Amino acid sequence: MKKQIFTLVVSLLFATSGTLLAKNDMLNDLYNLVDKYTTARDKLPKAKDSFWSFVPFTGEDKKDIQNDINSFLDKALAELLDDSAIKTKNEINELEEENKSLTEKIAKYEMEKSSAPSSSSKLKFWEKSTGDLDDNIRSTQRKIDDNNAKIRSKRRDIKADLARAKIDLTDDQIKTLLITVSGQDQLDAIVALKNLYALTDALKKLMANSNNLTINKKYYGVFLLATEAHQRQLVLFISRLNNQYLPKLKALKEENQALLAKTRRLAEGNRIYQSNVEAQEITNIVADKYRDLLINQRGNLENRLETITEILKYVENTYRTVSLASSLATSMEDGINTLQALLEMPIIPPVAFENNLEATFLELSAKLSEK
């Protein structure tokens, strides 16, 4: 296992892939941030416990320094997520939000039709006829259709963007990433890893052209910063799965179970409730599938976190080795591989949701994402 981890870390620094960094700004921004980050990291082991924080002139405590480090990691993660795929995802979210508003407009027009005159009155020119409202409904529906076409196109853009980084996902997997609340986090993790890969490739080239130990140390500090930022991202994602998404889904399932039991009793005496029973049974099925999806994702992310944590230990140890004036080259030149092994770790469920359940998935996602 240790040998595999070592080889994987070496591959991060000396990957032979031709993947290029999308933006030099990312590397520049991380380079400008790394001194503050490594200074805080160096202070942490010597800092006093938080218990002494109330005592004057005792210096910064561990909690304050860790908060500073977390702030630097969040800034680094923002750089890793400054990516076309994330921007496209946000554009899709905006289109979907617009479609929700347009759908509500159509419902409003349908309600107005129930009391609208068949033709507009010349004396009441402000009053809309059923024909006018039908025109409004058709034009609004056309806008929804146009938005849906844009959404499909943007999903293809994300798929192609990830494919260029050798991350091949099916159309249904892309859709699952974009409509489930945990899928949004999953896409962020994929993009962060993609750009971490590109970043290490750029750093490898820079270090190969530099014989200055001080500069190489700083380059390696950038790698340490980006790797820990990705680790923190995974920790926060798993925390949301455990403490927000899964408990909330369990509560929704229990609420639906209680309602289903009541509706079944009502349906025994009145068949009009049967359609409600069927709808609630479908909600139960989807909730179970959603739970399985989240648990599957959690397992995959926990495996990835374990690997990244081992990598981070090695990277930190190597950084300290470099800090003590040992040669980076002799520490890292043993073995050359690729990052593909890490990229191939499963990151989403092997089976995407069923298309006919998309509406219920979207509804549950909206409820799970409520603060």
Of the residues that make up the stretch 285-298, is at least one farther than 21 Å from Tyr220 by Cα, without any contact (Cβ under 8 Å) to a residue 12 or more places away in the chain and of a type in the set (Phe, Trp, Tyr)? no
Here is a list: Ser182, Ser139, Ser115. Which entry is buried (at least 20 other Cβ atoms within 10 Å of the Cβ), polar (S, T, N, Q) and either closer than 30 Å to Arg304 by Cβ or over 19 Å from the mean Cα position of the chain (by Cα) (or both)? Ser182
Which listed residue is surrounded by 13 or more Cβ atoms within 10 Å (Cβ to Cβ), closer than 21 Å to Ala229 by Cβ and over 18 Å from the mean Cα position of the chain (by Cα), from Leu199, Leu193, Leu162: Leu199
Does Leu249 satisfy the condition of being surrounded by 11 or more Cβ atoms within 10 Å (Cβ to Cβ), in contact (Cβ under 8 Å) with a residue 12 or more places away in the chain, in a helix (DSSP H, G or I) and out of contact with any Phe, Trp or Tyr (no Cβ under 9 Å at 6 or more places or on another chain)? no
When only residues in the stretch 57-104 that are outside any helix (DSSP H, G or I) and of a type outside the set (Asp, Glu) count, which is surrounded by the most Cβ atoms within 10 Å (Cβ to Cβ)? Leu81
Tell me whether the stretch 288-303 contains one or more residues that are modelled with pLDDT of 85 or more and not in a helix (DSSP H, G or I). no
Out of everything in the stretch 285-315 that is surrounded by fewer than 17 Cβ atoms within 10 Å (Cβ to Cβ) and of a type in the set (Asp, Glu), what residue ends up being nearest to Gln186 (Cα to Cα)? Glu302
Filtered residues of the stretch 88-133 (kept if over 30 Å from Ser365 (Cα atoms) and at pLDDT 90 or above): none
In the stretch 27-56, what residues are modelled with pLDDT under 85, farther than 23 Å from Lys313 by Cα and assigned to a helix (DSSP H, G or I)? Ser50, Phe51, Trp52
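The values are calculated or read from the model by the stated rules, or taken from the named source; none is laboratory data. The shown structure was predicted, so the numbers you read here are calculated from the model rather than taken from an experiment. Every residue, glycine as well, gets a Cβ built from its backbone with ideal geometry; the counts of neighbours run over all protein chains shown.
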